[in-house]
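Just below is one structure, and these are the notes that go with it.
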Amino acid sequence: MNIEISKIATLPSRFGDFKIQTFKEGHKAHLAIFKEPLGDIPIVRIHSECLTGDAIGSLKCDCRDQLEASLARIYKDGGMVIYLRQEGRNIGLLNKVNAYALQDQGYDTVEANHQLGFEADERTYEVVETILAHFNIKAIRLLTNNPQKLAGLKSIHIVERLPIVILPNPHNARYLKVKEEQMGHLLS
Ligand SMILES: [Zn+2]
């Protein structure tokens with residue numbers, strides 16, 4: 001995998017001051033957002049891009065809540081958020097909006113993806129190994145509600161899973177239930 005790596009820059013944010021570094025894989029520029037000290041076993045959140053949630057504040061999902069909780073946590077305790085550019089569980093923004101249109105007709109999030117010819121979840125995490133290796137990180141405490149997220153990654157030792165507790169809202173309650181029942185996510 002050919003990865004182009006940026007310099008490290010500082011990023012003051014509403015959550016505190018972080019450092020950022022970009023890892024460009026093909027046309028996708030992923031971002032590591034981190035707060036030192038990383039220590040031997042840093043807290044790491046692997047977050048997949050969700051433009052509608054992260055940037056616009058969509059209530060259809062819990063992505064922004066999870067991102068904000070993660071940034072607050074790593075600012076407090078040190079660690080890293082790896083922001084992966086795989087919008088809409090990696091089906092891209094156009095297909096995601098088509099999936100939302102199907103959801104408007106009553107399909108759930110899994111059924112809508114299947115209608116469009118995709119798996120429920122098309123995300124991949126190989127680049128995470130490259131990014132963590134760059135920081136010489138071999139073991140992490142993974143901030144996630146999805147225990148299977150990094151199951152295929154051999155080079156990373158997940159010492160502990162730290163949950164992110166998000167309160168449902170009327171719009172995403174059904175979505176969160178489908179994630180829990182059909183996709184193995186833990187909501188508490
Ligand atoms: Zn989302």
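Per-residue answers, yes or no, for (1) acidic (D, E); (2) modelled with pLDDT under 95:
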| site | (1), (2) |
| --- | --- |
| N2 | no, yes |
| P12 | no, no |
| D17 | yes, no |
| H30 | no, no |
| F34 | no, no |
| D40 | yes, yes |
| R45 | no, no |
| A55 | no, no |
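Would you check if there is a residue in region 164-174 being surrounded by 12 or more Cβ atoms within 10 Å (Cβ to Cβ) and closer than 30 Å to I5 by Cβ? Yes, some residue in region 164-174 is surrounded by 12 or more Cβ atoms within 10 Å (Cβ to Cβ) and closer than 30 Å to I5 by Cβ. For A151, the conditions (1) without any contact (Cβ under 8 Å) to a residue 40 or more places away in the chain; (2) under 22 Å from L71 (Cα atoms); (3) among the hydrophobic types (A, V, I, L, M, F, W, C) are fulfilled apart from (2). Touching a Gly at 6+ places or on another chain (Cβ under 8 Å), on the phi > 0 side of the Ramachandran plot and surrounded by fewer than 16 Cβ atoms within 10 Å (Cβ to Cβ): is that true of G92 in this structure? Answer is no for this residue. Scanning region 57-92 for residues that are within 11 Å of the ligand (Cβ to nearest atom), of a type in the set (A, V, I, L, M) and modelled with pLDDT under 95 returns a single hit, L59. When N90, N95 are checked against the criterion of being under 14 Å from the mean Cα position of the chain (by Cα) and farther than 22 Å from R141 by Cα, N90 stands alone in meeting it. The residues in region 33-53 that are out of contact with any Gly (no Cβ under 6 Å at 6 or more places or on another chain) and basic (K, R) can be counted, and the count is 1. The strands (runs of 3 or more DSSP E) found entirely in region 1-46 that carry 3 or more residues being within 17 Å of the chain's Cα centre (by Cα) and not aromatic (F, W, Y) are 16-25, 28-35. The single condition among (1) surrounded by 15 or more Cβ atoms within 10 Å (Cβ to Cβ); (2) at pLDDT below 90 that E122 does not meet is (1). Just one of the numbered conditions (1) outside any helix (DSSP H, G or I); (2) polar (S, T, N, Q); (3) over 24 Å from K177 (Cβ atoms) is not true of T130: (1). Looking at S58, S70, just one residue is among the hydroxyl-bearing types (S, T, Y) and assigned to a helix (DSSP H, G or I), and that residue is S70.
The values are calculated or read from the model by the stated rules, or taken from the named source; none is laboratory data. Remember, it's a predicted structure, so these values are computed and weren't measured experimentally. Every residue, glycine among them, receives a Cβ derived from its backbone with ideal geometry; neighbour counts consider all protein chains shown.
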